[in-house]
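K.L.:
Just passing along the structure, written as structure tokens.
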Amino acid sequence: MNNSSNDSKKDKPKGLHKGLTSYGDAGFSLFLRKAFIKGAGYTDSALDRPIIGIANTGSAYNPCHGNAPQLIEAVKRGVMLAGGMPMDFPTISVHESFAAPTSMYLRNLMSMDTEEMIRAQPMDAVVLIGGCDKTVPAQLMGAASAGVPAIQLVTGSMLTGSHRSERVGACTDCRRFWGKYRAEEIDAKEIADVNNQLVASVGTCSVMGTASTMACIAEALGIMLPGGASAPAVTADRIRIAEQTGATAVAMALSGLTPEKILTGKAFENALRVLLAIGGSTNGIVHLTAMAGRLGIEIDLLQLDAMGAETPVLVDLKPSGQHYMEDFHKAGGLRAVLRELKPLLHLDALTVTGRTLGEELELAGPGFAQDVVRPFNNPIYPQGSIAVLKGNLAPGGAIIKQSAAHKGLMESEGRAVVFENIEDMAERIDREDLDVNADDFLVLKNIGPKGAPGMPEAGYLPIPIKLARQGVKDMVRISDGRMSGTAAGTIVLHITPESAIGGPLAQVRNGDRIRLSVSKREISLLVSEAELAERMQQNPITPPSAERGYRKLFLQTVTQADQGADFDFLRPENFTEKVPRPR
Ligand code: FES
């Protein structure tokens, strides 16, 4: 931090003096504020210290954040040991299984809540306690816009359970066992037994799903303590990280280390590189695009694809591999990955400690023998986990998690079996008279950002039951929605523009031929341009709308997947940088 920048901050209000409530008399505003906070028993000496806000997302509806009370206690300890004054405050909490119609519908609302509460309340820095899929991106989007020094803390992953001596964890195994139950390979008693074992403790999903991906991304961005991504929720390591996070927040408050100094184009390039190397969730792209967008940084999907060609998947975790997050932590966590990627990273990117990523890696010392993070020259998949597709079906792009797809289906052509929306799919997919074969392509429309709305994780269409019974485990599935980071299969997602606003996907009909070529990065509807144009004329699409409330705001302002599905009014007018840059 240079001196002139320090000087310019000298006169800015700090602590309780920040953001005074408007009564037209600043002295009175401060007097009143102090009077009220003293009602909680604080002394002037406590109130004169740097104030560290702690965003509390604990909620009975969010078991992924079930350890929030212990983390808050540890963060407070860290803050006070470093001479600060901790103040926790609630924000919206969003859990994947307790948010209708889908958690993604609420991510932007949570980001607005986080941003405005950081801005409205006096704090010199903020600790963001998140974890479950949408919470970390929401908090980082909000913090990036608020511009107050911020540090991410995650709740940490849950423990794995055991079903009949087989190790299981949410949620790759949730899907695997549910698939077995649908195929009548296991009975109702066994699926009920599994249900008790899949989530063995509080904490986030135990595989490289979206929560783990976003934790790793936050560490790669430098906005979390080095080593902070992987410790499971119920470990002493997690509590220690929380205490250190509190202490670091005080240092950040004193030095004025604001998010835009950390979340730079280089930091986002590092994070994209890590996303590819960890076999991360496809949702990571949407969230990184939204986060970068808040800072005027655009993610170039084609360059991301090029980056994938030189970035192998190194982490052997489900769903791309076989291990769980607790194994990843014991293997050294993200630092083991960063060491392998070192020649490809921007080591001069700044972190929350005030040191660079390269300096932090030096401090962490050498790695050790383990079998979860592979060496660069012996990866579990030779390219990055995610490929970007284009073609007349997705003029704005689409993605596929190639590391979790079926090899035999990645170069294929098939007949479209079309579902118009989620309700249509739910109603027909298991009917015995559904005209479907194993080599058909299942197409689901209207699950994009505006379609469902909220771009739900319904892109992982179930295998029709009559095919599941025959042993079919994977089919090509295509939609404008997302899928859970814990899911696997040959699944084309994020088709842009989405069908609900008239993208070509809206015009796909039963029996059309579609070609998927991951090697050529192609997703094509094999229908002539003239035929497609005629269909568009015959079948004009009216985008969905709503009468009132958040749904109205959402439908009017949500952007497409290639812009992070953020609200347009939360993104800057001018973008100043595009990443990844061509190498
Ligand atoms: Fe919360 Fe998976 S449901 S992380």
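K.L.:
Mind counting the residues in segment 356-386 that are at pLDDT 95 or above and either β-branched (Val, Ile, Thr) or closer than 30 Å to residue 506 by Cα (or both)?
P.N.:
3
K.L.:
Somewhere in segment 70-85, is a residue within 15 Å of the ligand (Cβ to nearest atom), crowded, with 21+ Cβ neighbours inside 10 Å and not aromatic (Phe, Trp, Tyr)? Spell out how you get there, then give the answer.
P.N.:
Of the residues in segment 70-85, the ones within 15 Å of the ligand (Cβ to nearest atom) are none.
No, there is no match, as no residue in segment 70-85 is within 15 Å of the ligand (Cβ to nearest atom), crowded, with 21+ Cβ neighbours inside 10 Å and not aromatic (Phe, Trp, Tyr).
K.L.:
Is segment 19-32 home to any residue that is modelled with pLDDT under 95, surrounded by 11 or more Cβ atoms within 10 Å (Cβ to Cβ) and either within 16 Å of the ligand (Cβ to nearest atom) or under 28 Å from residue 351 (Cα atoms) (or both)?
P.N.:
yes
K.L.:
On the basis of being closer than 19 Å to residue 60 by Cβ, more than 14 Å from the ligand (Cβ to nearest atom) and under 18 Å from the mean Cα position of the chain (by Cα), does residue 113 make the cut?
P.N.:
Values: closer than 19 Å to residue 60 by Cβ: yes; more than 14 Å from the ligand (Cβ to nearest atom): yes; under 18 Å from the mean Cα position of the chain (by Cα): yes.
Considered against the rule, which asks whether it is closer than 19 Å to residue 60 by Cβ, more than 14 Å from the ligand (Cβ to nearest atom) and under 18 Å from the mean Cα position of the chain (by Cα), residue 113 comes out as yes.
K.L.:
If you don't mind, there's one more thing I want to ask. I'd like the full set of residues that are buried (at least 24 other Cβ atoms within 10 Å of the Cβ), part of a helix (DSSP H, G or I) and more than 10 Å from the ligand (Cβ to nearest atom), limited to segment 118-135.
P.N.:
118
K.L.:
Also, I was wondering about something else. List the helices (runs of 4 or more DSSP H) inside segment 1-108, counting only whole elements, that have at least 1 residues being basic (Lys, Arg).
P.N.:
Details: elements: 3-10, 26-38, 44-47, 68-81.
Where helices (runs of 4 or more DSSP H) fall fully within segment 1-108 and carry at least 1 residues being basic (Lys, Arg), they are 3-10, 26-38, 68-81.
K.L.:
Also, I was wondering about something else. Given the structure, is residue 147 at pLDDT 95 or above, surrounded by fewer than 24 Cβ atoms within 10 Å (Cβ to Cβ), at positive phi and not acidic (Asp, Glu)?
P.N.:
Answer is yes for this residue.
K.L.:
Kindly provide the set of residues from segment 227-255 that are of a type outside the set (A, V, I, L, M, F, W, C) and crowded, with 24+ Cβ neighbours inside 10 Å, ordered by number.
P.N.:
228, 230, 232, 238, 245, 246, 248
K.L.:
Another question about this same structure. Would you confirm whether or not segment 161-169 contains a residue that is within 16 Å of the ligand (Cβ to nearest atom), crowded, with 17+ Cβ neighbours inside 10 Å and within 22 Å of residue 489 (Cβ to Cβ)? Steps first, please.
P.N.:
Within segment 161-169, the first condition is being within 16 Å of the ligand (Cβ to nearest atom), and the residues that meet it are 161, 168-169.
With crowded, with 17+ Cβ neighbours inside 10 Å added as a condition, the list becomes 161, 168-169.
Remaining after also requiring within 22 Å of residue 489 (Cβ to Cβ): 168-169.
Looking for residues that are within 16 Å of the ligand (Cβ to nearest atom), crowded, with 17+ Cβ neighbours inside 10 Å and within 22 Å of residue 489 (Cβ to Cβ), one finds at least one in segment 161-169, hence yes.
K.L.:
Looking at segment 214-223 only, could you name the residues that are more than 12 Å from the chain's Cα centre (by Cα) and either in a helix (DSSP H, G or I) or within 14 Å of the ligand (Cβ to nearest atom) (or both)?
P.N.:
Step one: filter segment 214-223 for residues more than 12 Å from the chain's Cα centre (by Cα), giving 219-223.
Hits for segment 214-223 are 219, 220, 221.
K.L.:
What's the number of the condition residue 514 fails, among (1) crowded, with 22+ Cβ neighbours inside 10 Å; (2) at pLDDT 95 or above; (3) within 30 Å of residue 204 (Cα to Cα)?
P.N.:
Evaluating residue 514 over (1) crowded, with 22+ Cβ neighbours inside 10 Å; (2) at pLDDT 95 or above; (3) within 30 Å of residue 204 (Cα to Cα) leaves (3) as the failure.
K.L.:
Take segment 151-172 and flag every residue that is under 13 Å from residue 193 (Cβ atoms) and either of a type outside the set (D, E, K, R) or touching a strand residue (DSSP E or B) at 6+ places or on another chain (Cβ under 8 Å) (or both). Talk me through it step by step, then tell me what you get.
P.N.:
We begin by selecting, within segment 151-172, every residue under 13 Å from residue 193 (Cβ atoms); these are 161-166, 168.
Selection gives 161, 162, 163, 165, 168.
K.L.:
Here is a further query. State the number of residues belonging to segment 542-579 that are loosely packed, with under 11 Cβ neighbours inside 10 Å and either assigned to a loop (DSSP other than H, G, I, E, B) or touching a Phe, Trp or Tyr at 6+ places or on another chain (Cβ under 6 Å) (or both).
P.N.:
Residues meeting the conditions: 7.
K.L.:
Within segment 488-501, is there a residue that is closer than 20 Å to residue 210 by Cβ, within 16 Å of the ligand (Cβ to nearest atom) and either of a type outside the set (Phe, Trp, Tyr) or touching a residue at least 12 places away in the same chain (Cβ under 8 Å) (or both)?
P.N.:
yes
K.L.:
Is one or more of the residues making up segment 456-472 under 13 Å from residue 282 (Cβ atoms), surrounded by fewer than 24 Cβ atoms within 10 Å (Cβ to Cβ), within 16 Å of the ligand (Cβ to nearest atom) and of a type in the set (Ser, Thr, Tyr)?
P.N.:
yes
K.L.:
Please determine, by comparing only the residues of segment 141-160 that are of a type in the set (A, V, I, L, M, F, W, C) and within 16 Å of the ligand (Cβ to nearest atom), which one is farthest from residue 78 (Cα to Cα).
P.N.:
As a first pass, look at segment 141-160 and keep what is of a type in the set (A, V, I, L, M, F, W, C): 141, 143-144, 146, 148, 150-151, 153-154, 158-159.
Now restrict to residues that are within 16 Å of the ligand (Cβ to nearest atom): 153-154, 158-159.
Numbers: 153: 13, 154: 16, 158: 24, 159: 25 Å.
Checked segment 141-160; the qualifying residue farthest from residue 78 (Cα to Cα) is 159.
K.L.:
Can you confirm whether residue 63 is out of contact with any helix residue (DSSP H, G or I) (no Cβ under 6 Å at 6 or more places or on another chain) and surrounded by fewer than 17 Cβ atoms within 10 Å (Cβ to Cβ)? I'd like the intermediate steps shown before the answer.
P.N.:
Working: out of contact with any helix residue (DSSP H, G or I) (no Cβ under 6 Å at 6 or more places or on another chain): yes; surrounded by fewer than 17 Cβ atoms within 10 Å (Cβ to Cβ): no.
So residue 63 does not fit the description; no.
K.L.:
Limited to segment 290-321, what total is found for residues that are of a type in the set (Val, Ile, Thr) and either in contact with a His (Cβ under 6 Å, 6 or more places away or on another chain) or more than 21 Å from residue 487 (Cα to Cα) (or both)? Step through it out loud before you land on a result.
P.N.:
Narrowing segment 290-321 to residues of a type in the set (Val, Ile, Thr): 297, 299, 311, 313, 315.
This time we only want the ones that are either in contact with a His (Cβ under 6 Å, 6 or more places away or on another chain) or more than 21 Å from residue 487 (Cα to Cα) (or both), so: 297, 299, 311.
The number of residues fulfilling the criteria is 3.
K.L.:
Give the residue that is nearest to the ligand (Cβ to nearest atom), with candidates limited to residues of segment 174-213 that are part of a helix (DSSP H, G or I) and touching a strand residue (DSSP E or B) at 6+ places or on another chain (Cβ under 8 Å). Outline the logic, then answer.
P.N.:
Going residue by residue through segment 174-213, those that are part of a helix (DSSP H, G or I) are 174-182, 188-197, 210-213.
Adding the requirement that they be touching a strand residue (DSSP E or B) at 6+ places or on another chain (Cβ under 8 Å) leaves 177, 193-194, 196-197, 211-212.
Values: 177: 16, 193: 20, 194: 16, 196: 17, 197: 16, 211: 3, 212: 8 Å.
Within segment 174-213, the match that is nearest to the ligand (Cβ to nearest atom) is 211.
K.L.:
Could you check, for segment 414-432, whether at least one of its residues is touching a Ser or Thr at 6+ places or on another chain (Cβ under 7 Å), touching a residue at least 24 places away in the same chain (Cβ under 8 Å) and either surrounded by fewer than 20 Cβ atoms within 10 Å (Cβ to Cβ) or closer than 30 Å to residue 166 by Cβ (or both)? Steps first, please.
P.N.:
Going residue by residue through segment 414-432, those that are touching a Ser or Thr at 6+ places or on another chain (Cβ under 7 Å) are none.
No, segment 414-432 contains no residue that is touching a Ser or Thr at 6+ places or on another chain (Cβ under 7 Å), touching a residue at least 24 places away in the same chain (Cβ under 8 Å) and either surrounded by fewer than 20 Cβ atoms within 10 Å (Cβ to Cβ) or closer than 30 Å to residue 166 by Cβ (or both).
The values are calculated or read from the model by the stated rules, or taken from the named source; none is laboratory data. Bear in mind that the values here come from a model prediction, so they are computed numbers and not experimental data. For neighbour counting, all protein chains shown are included, and Cβ atoms are generated from backbone atoms with ideal geometry for every residue, glycine included.
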